[in-house]
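Okay, structure first, notes after.
The values are calculated or read from the model by the stated rules, or taken from the named source; none is laboratory data. The shown structure was predicted, so the numbers you read here are calculated from the model rather than taken from an experiment. So basically every Cβ, Gly included, is an ideal-geometry build from the backbone, and we count neighbours across all protein chains shown.
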Amino acid sequence: MAVEITSKIVGYRIKQQEQAAPAPELPEEDPLTVRIPSRPEGTLEAVSEKISYVGAEGRKKVYLLVSFMPVEGVVGGRRVVIERPVEFFFPSGQLSSEHQWITATMRSLSLAARGGYVTQAVADLRKVAWDKGLVRCGMNRWNKPMFHDSEVAAIAWSIQQILYRRGFLDQDGNQVPVEMLVERYAHRMQHGHAWQPPVDEPDTSPAAGAVEPIGGAAEQENAAKKPEGSGPATVGNCPECRGELIMMDGCPTCYAGCGWSKCG
């Protein structure tokens, strides 16, 4: 449209293009602590684990299922996705007398997982002790048997190992930083398979503060120097944990507490 100029032009200015308003910054939302109200409908990816342990009541085998799902959040102003455990399931009938307590514990763990504090909940279960002696379950990073204060502690340690192999915890049961979880989930989406723990050569030297397993060289050396009458007489080594065998009720029994007995 033409415009007629009827007065003298004394100056001019080029109209600048208006700048777009900056996008609002997304509020921070830690995907590790985002509360999940309930288990979502449909199918979830799950890990099924067969747990075997030896205690005062002999060898036991149980099965455990842990379900996972992707969870969104905002870290550093950008949307991210990680994978979190959301449900723990212990099939019924495995430990009939304690089934109600096992079910209650699994439901509590599931609530903790959906509430964002499952790492602390599982670590706390490892502190549970009983009066029936140690329970042997699994091997540590030095390929030595692990001994736990109770069956509950043994199962809790096994749960930590499931979460470690899934990339959610580190090998000591500590929470992996959210940035690393984001990278591992992105790696999975890109390559089509989950993150795998690195395979390291077993370290034969015990770490600082580690306790040398019963039956080791130092223990055998001390046993040779032990004065007569200072403890029960040993009759060999346990085939399960290589600990000392002593005579109990006329039967060679493991003194280390793994539960092995020649008489069954």
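Which is over 25 Å from Ile155 (Cβ atoms) and either assigned by TED's automatic domain parsing to the domain that holds Phe147 or surrounded by 11 or more Cβ atoms within 10 Å (Cβ to Cβ) (or both), of Val62, Val54, Val34, Val3? Don't jump to the end; show me each part of the working.
Details: Val62 fails: over 25 Å from Ile155 (Cβ atoms); Val54 fails: over 25 Å from Ile155 (Cβ atoms); Val3 fails: either assigned by TED's automatic domain parsing to the domain that holds Phe147 or surrounded by 11 or more Cβ atoms within 10 Å (Cβ to Cβ) (or both).
Of Val62, Val54, Val34, Val3, the one residue that is over 25 Å from Ile155 (Cβ atoms) and either assigned by TED's automatic domain parsing to the domain that holds Phe147 or surrounded by 11 or more Cβ atoms within 10 Å (Cβ to Cβ) (or both) is Val34.
Here is a list: Gly77, Gly133, Gly138. Which entry is under 20 Å from Val47 (Cα atoms), surrounded by fewer than 20 Cβ atoms within 10 Å (Cβ to Cβ) and in contact (Cβ under 8 Å) with a residue 12 or more places away in the chain?
Residue meeting the stated conditions: Gly138.
Scanning region 9-41 for residues that are without any contact (Cβ under 8 Å) to a residue 60 or more places away in the chain and among the small types (Gly, Ala, Ser) yields Gly11, Ala20, Ala21, Ala23.
Cβ separations smaller than 8 Å between residues 6+ apart or across chains give the following pairs from region 42-65 residues that are closer than 21 Å to Val135 by Cα to residues that are loosely packed, with under 13 Cβ neighbours inside 10 Å and of a type in the set (Phe, Trp, Tyr): Glu49/Tyr63; Lys50/Tyr63; Ile51/Tyr63.
Considering only region 124-151, state which residues are hydrophobic (A, V, I, L, M, F, W, C) and part of a strand (DSSP E or B). Walk me through it before giving the result.
Step one: of region 124-151, the residues hydrophobic (A, V, I, L, M, F, W, C) are 125, 128-130, 134-135, 137, 139, 142, 146-147.
If the condition is that a residue be hydrophobic (A, V, I, L, M, F, W, C) and part of a strand (DSSP E or B), then Val135, Cys137, Met139, Met146, Phe147 are the ones that fit.
Of the residues that make up region 67-84, is at least one in the same structural domain as Val135 (by TED's automatic domain parsing), out of contact with any helix residue (DSSP H, G or I) (no Cβ under 9 Å at 6 or more places or on another chain), of a type in the set (D, E, K, R) and closer than 26 Å to Leu134 by Cα? Scanning region 67-84 turns up no residue that is in the same structural domain as Val135 (by TED's automatic domain parsing), out of contact with any helix residue (DSSP H, G or I) (no Cβ under 9 Å at 6 or more places or on another chain), of a type in the set (D, E, K, R) and closer than 26 Å to Leu134 by Cα.
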